[in-house]
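This report refers to the structure that appears directly beneath it.
Throughout, read-outs are computed from the coordinates displayed, never taken from laboratory work. If you're wondering where the values come from, they're calculated on a predicted model, not measured in any experiment. Cβ atoms come from the backbone with ideal geometry, glycine included; neighbour counts cover every protein chain shown.
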Amino acid sequence: MKPMSKIVRTVAASIGWFVFVFGIYVIVHGHLTPGGGFQGGAVMATGVALLIVAYGGWGAERCVGKERLPVFESAGLLTFIILAFGGACLGITFFFNFLANKGGLFGDKLPLGINPGIFNSAGVIPLMNMGVGMEVLAGISLILFAMFYGTKRVREGRCLVDNEEKEEDV
Amino acid sequence: MSWTEHAPILIIAAPLLVSFAIPLLEKIDYRVRNAAAVLSLAFSVWMVLIVLHKIWGSGPVVYVFGAKSAFLPLPSGFKFPVRIMLEIDNMSAFMALSGSIAAMVGVIYSWAFVREEEGGLGKYYSLFLLMAVGMLGMELTGDAFNFFVFLEIASIASFGLIAYRREDPASIEASFKYMIVSTIGAIFVLVAIGFLYGRYDALNMAYIAKHMRIGIVERIAFVLLMVSLAMKAGAVPMHMWVSDAYGRAPAAVTATLVSVSQASLYGLFRVMFSMFGVTMNNHFGGWMLIIFGLLSMFIGVTMAIVQKDIKRLMAYHAISQTGYMLLGVGVGLAVLDNPVALRSYGLAAMTGGIFHIMNHAMYKGLLFLTAGAIFYRLRTFNLNEMGGLARKMKYTTIYFIIGAAAIAGLPPFNGFASKLMIYESVYKFNPLLSVVAMVVSILTLASFVKVFHSAFLGPEISKTRDVREVPKSMVIGMGIMAVICILFGLFPGMVVKYLAGPAAVSLANQTGYISSVIGGGM
Amino acid sequence: MFYDIHYVTIVFLIALGIYAVMFQHNLIKIAIGIDILESGANLLLIVLGYRNGGVAPIFTMAPQGKSMVLPTPQALTLTAIVIGLATTALMLSLIVMLYRHYGTLDTREIRRLRG
Amino acid sequence: MKLGVKIAIVLLLFSFLLMGLGFMHKYGVPLKSDMDDYFINHAQKETATNNVVTSIVFDYRGFDTLGEASVLFTAVLGVVMIFREAGKK
Amino acid sequence: MWTYIFTGSGFWNPIWWLASFVIVAIFVYSFFGSEVKAKYSPDKVKPFLSGWDEVNKDAMQVKASNIYWGFTKAMSGYYRFLDRCHTGIINDYVVWFMAVMVITFIAFITA
């Protein structure tokens, strides 16, 4: 796909940042407001889709850094599963929330009932949210890029080694 | 407590961790990646053995995620479980053992079978591990929704793997067909779980089983679960995807895919025995399983005889062998509310059916791997283009003979032991069923004689002139399965005493399953 | 026995999805049918968890004195949606490859594997 | 004939599912809510989270979420593998 | 104990089976195995084709589709029915699935 006109590109560049920032907001406030890693990651991935539409595949790839995406995805997932292992390593259980109510990082206590919310609470949940957010952003972007390039590659016949169709009688 | 306390979760988490790390490990060296994949699955086998040892000592193992202690399923002061838990009794551990061995052999075999120049190998190994994770998760979990999630992991990973050889249009087609049917089945499983959630406000299988009161909603959920899982296990007449998918996946994948379908079979048994059990009309459920089993056995084997594609032929045999398991366990379910009949032949039938699950995973895996070995050298599945391979591929020939003898039920091999148990105990229930099972066994032998004749015997034809034995890793992979086939055939008493027999007893014992979570007081 | 429009809608969506998969011969329409089916299942979960007059189960600045709807179905639906997304993505890629190989989207012509 | 059978199948499926949901609890009045009430009452104390749904997703049913993340990872691997460039690792 | 299994109405012991197999094999060999061995000569392994030329090796192999030809011919009605069921169209796969589900519903609700 070729890049679209200058107006579209300018608007996309200026709106893209808001989309990304909103996605980050949704991710890091997952334990206080509606949202979380999946939703925020999906919001950020729509930003990538916007860039692909406006700038074409090559431009969007340069903006996002496609080579880094698989590493990013694995890093997010490894964050998630290692945090889950954390509880088991401390000798409690897999997925034990070992930071909640302990003070320190994300360890503040919450007042019970309706409250305005404390950002520094919820233990490992915000960290897991971030890991999952990274994974979803990278994953959905990879799907978008793979489908974008894949359809092109398939059309040009670069995807398959053996192009002749063997017609077997069945 | 020692670290073996966490053995139940390590069965699942070790391959999962490695599969997440493979995109990073791949950057180091391909050998590191392959070795990590093999080692993680070997670790899983070891952990399954540890858990099995624990179950022999002290009954079903429960592992609760995120709780203060892994062994207290209920929150203090409440009578219902709120967290996800793994619930491993003899049956689960038995299935996990067979599945993890099959997956490990599949990865070892893939080392040489899938070549670097085909591309996408890191993704291949990741997906392979994820498929194994999905299978193990289905077999170990005690939570209905968690079962659905792992069902989807196993299915989606296998869609990708079936389509791995995408130069072949038929493999894409097979993957797509499997995907459509399997997704619909998974959605119906989700709908059924939703129904049960709406009635009982719970997702734990043991809790639902304890509070089960039969009404229309439960009946409909039961039918949705039963038919969807029977479809995933490949029962006739919902078997068409099996022959496509097994026939077109890479051989190493197919050998594991057999175990993945058996995880669905396990889910079916778990739902029918542990969730619904005798509170539901168990004669109906048992007879449904028997009818599915008879249809699968007969139609599977008759379709297999006329095939000329070697893997498709074996895939139809996989359907037919699934019929034996359904028949054996179905007879057990049909007499579940009759303690006298259950003791005199029901448990033996169930033991035979369950023993057959592991035997089938081993010999059918072995046969698919030999078919893959032939494909590796000849690049064709068509039996008409083969001949005289016995001189060229000695190990493969021996392994094929072992596998074929086992699947046809020739005496010293493992297939005979489990089939004999099924024949003789089903004979007491209804002689006609036993006769059909024997006829199917004869037809199985006939079709494997055909494969042996056209692939391995006969003169050396021009296409097979410069064929050599397959690489070492493939020989090792097939060897492991062949050795297991022989050992299980020579020592069936050990397997029945320590693995299959306790599995059948724990499957029939619904109150035991419930009380390991909820506690004794009903 | 009582029927609400919510329940009828769920069953209608599921039957519509099944209709699309059973009757339509276009691969894209089959994919759409499966998505409709997934929506029906998700809607079922959400509807089962509604409590009359309930608010979202979030304590940050929640209105006083209102009951909360059941939170578990929402978590389950979140999971089911992501699974649906994954299935759809893979299905569409397979359709692209099928079109490349067979040159058609008609299921009646994509039947190399039969018998 | 065949068309009639197919239409009958869809209609019967519709009616059976509708019958099942007809015996479900009335919309808005859950029959039982033990587990969900436990979540609503204890999530703030046990996991220090204001958002009960997030506490379920990442704490009480965290293993589901791990599975869900793996499903997305699986789908990404599948799509990238299907569209991989020929002859490239 | 390691090898014995109870099979519902009987038992099975592979070691006994193997032992009897070996004994029978020894007997058979000792009675019939001592025949005079034929001497090898190249003429004997040449196929005698009544004066016809030896056919190509590829054509000598009986093809897989031709084995059990009589069986498939005798069961052709049954196989025609099976072929009609296995259409290979994805819609039909789903139709079979749903049909089984509906039949089971009817059977179970009325049972």
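May I ask you to derive the FRET efficiency for B:Lys68 and B:Val32 from their Cβ-Cβ distance with R0 = 25 Å, giving the value to the nearest 0.05? Kindly include the intermediate steps, with their values, before the conclusion.
Numbers: r = 38 Å, r/R0 = 1.51.
So, using R0 = 25 Å, E works out to roughly 0.10.
Principal-axis analysis of the Cα atoms of chain A puts helix A:68-89 at an angle of about 30° to the longest axis. In nm, to one decimal, how far is the modelled label at E:Asn56 from the one at B:His53, with both set 7 Å along Cα→Cβ? Rounded to a tenth, the inter-label distance reads 6.2 nm. Where in region B:208-242 is the amide nitrogen less than 16 Å from a point lying 7 Å along the Cα-to-Cβ axis of D:Lys32? Answer for region B:208-242: B:208-219. Within region A:102-143, find all residues whose amide N lies under 16 Å from a label point positioned 7 Å from the Cα of C:Ala62 along Cα-to-beta-carbon. Residues A:110-118 qualify, since their backbone N sits under 16 Å from the label point.
Using 0.36 nm per residue of separation minus the Cα-Cα distance, give me the extension gain between B:Thr4 and B:Ile486 in nm, one decimal. Provide the component values of the computation, followed by the final result.
On the way: separation 482, 0.36 × 482 = 173.52 nm, distance 3.12 nm.
Computed gain between B:Thr4 and B:Ile486 is 170.4 nm.
Inter-chain neighbour count for A:36-45: the average number of beta-carbon atoms from partner chains within 10 Å of each residue's beta-carbon is 3.
The alpha carbons of region B:353-462 give a radius of gyration and a Dmax of 15.7, 53 Å, in that order. Cross-link partners for C:Lys29 among the lysines, with Cα-Cα distance under 18 Å and sequence neighbours closer than 8 places in the same chain left out: B:Lys177, D:Lys6.
Per residue of the protein assembly as shown, what 222 nm ellipticity follows from adding -39500 (n - 2.57) for every DSSP H run with n ≥ 4, rounded to the nearest 500? Kindly include the intermediate steps, with their values, before the conclusion.
Details: 36 runs with 669 residues, N = 1007.
Result for the protein assembly as shown: -22500 deg cm²/dmol, rounded to the nearest 500.
Size of the protein assembly as shown from its Cα atoms: along the principal axes, largest to smallest, the extents are 103, 74, 63 Å.
Shielding of peptide A:146-154 by partners, expressed as the average count of other chain Cβ atoms within 10 Å per residue Cβ, is 6. Charged neighbours of B:Phe269, selected by a Cβ distance under 14 Å, balance to 0 (K, R count +1; D, E count -1). Summarising the label geometry, the points placed 7 Å from Cα in the beta-carbon direction at E:Val28 and A:Leu112 lie 8.2 nm from one another. What shape does chain A have by the C-alpha gyration tensor, where a ≥ b ≥ c are the square roots of the eigenvalues, rounded means a/c under 1.5, and otherwise prolate means a/b greater than b/c and oblate the rest? Since a/c reaches 1.5 but b/c is at least a/b, the shape of chain A is classed as oblate.
Treating r as the C-beta distance of E:Lys63 and B:Lys394 and R0 as 25 Å, the FRET efficiency rounds to 0.55.
I'd like the distance separating the alpha-carbon centroids of region C:1-44 and region D:1-29, in whole Å. Answer, in whole Å: 11.
As a proxy for reagent exposure, B:Glu167, A:Glu61 were ordered by neighbouring Cβ count within 10 angstrom, fewest first; the result is B:Glu167, A:Glu61.
Step through the table entries E:Lys37/E:Lys57; A:Lys102/D:Lys26; B:Lys232/B:Lys308; B:Lys68/B:Lys497, compare each Cα-Cα distance with 32 Å, and write down the pairs that go over it. Can you show the working numbers first?
Numbers: E:Lys37/E:Lys57 28 Å; A:Lys102/D:Lys26 43 Å; B:Lys232/B:Lys308 25 Å; B:Lys68/B:Lys497 36 Å.
Violating the 32 Å limit, Cα to Cα: A:Lys102/D:Lys26; B:Lys68/B:Lys497.
Restricting region D:1-82 to trypsin sites (Lys or Arg not before Pro) that sit in a DSSP loop and have at most 16 other Cβ atoms within 10 Å of their own Cβ leaves D:Lys26, D:Lys32.
At a Förster distance of 45 Å, what's the computed FRET efficiency of A:Phe18 paired with C:Asn52, Cβ-Cβ distance as r, to 0.05? Spell out each step's value before the answer.
Numbers: r = 38 Å, r/R0 = 0.84.
E between A:Phe18 and C:Asn52, to the nearest 0.05, is 0.75.
In summary, the lysines within cross-link reach of B:Lys210, defined as a Cα separation below 18 angstrom excluding same-chain residues under 8 places away, comprise B:Lys79, D:Lys32. Counting, for every residue in B:405-416, the Cβ atoms of other protein chains within 10 Å of its Cβ and taking the mean gives 1.
How much net charge surrounds B:Lys232 when only other residues with a Cβ under 15 Å from its Cβ are counted (Lys, Arg +1; Asp, Glu -1)?
Numbers: positive: B:Lys177, B:Arg270; negative: B:Glu139, B:Glu152, B:Asp244.
That sum, taken over residues with Cβ under 15 Å, equals -1.
In summary, the helical segments of chain E meeting the span-like criteria, namely a full DSSP H run, a Cα extent along the axis of 15 angstrom or more and a mean Kyte-Doolittle hydropathy of at least 0.0, are E:14-32, E:90-110.
In chain A, the longest principal axis of the Cα atoms and the axis of helix A:37-64 are about 30 degrees apart. Measure out, as a whole number of angstrom, how far apart the alpha-carbon centroids of region C:97-111 and region B:30-56 sit. The distance from the Cα centre of region C:97-111 to that of region B:30-56 comes to 41 Å. Cα centroid separation, region B:100-164 to region D:39-83: 21 Å. Compared with the alpha-carbon gap, the fully stretched path from A:Tyr25 to A:Lys2 is longer by 5.1 nm at 0.36 nm per residue.
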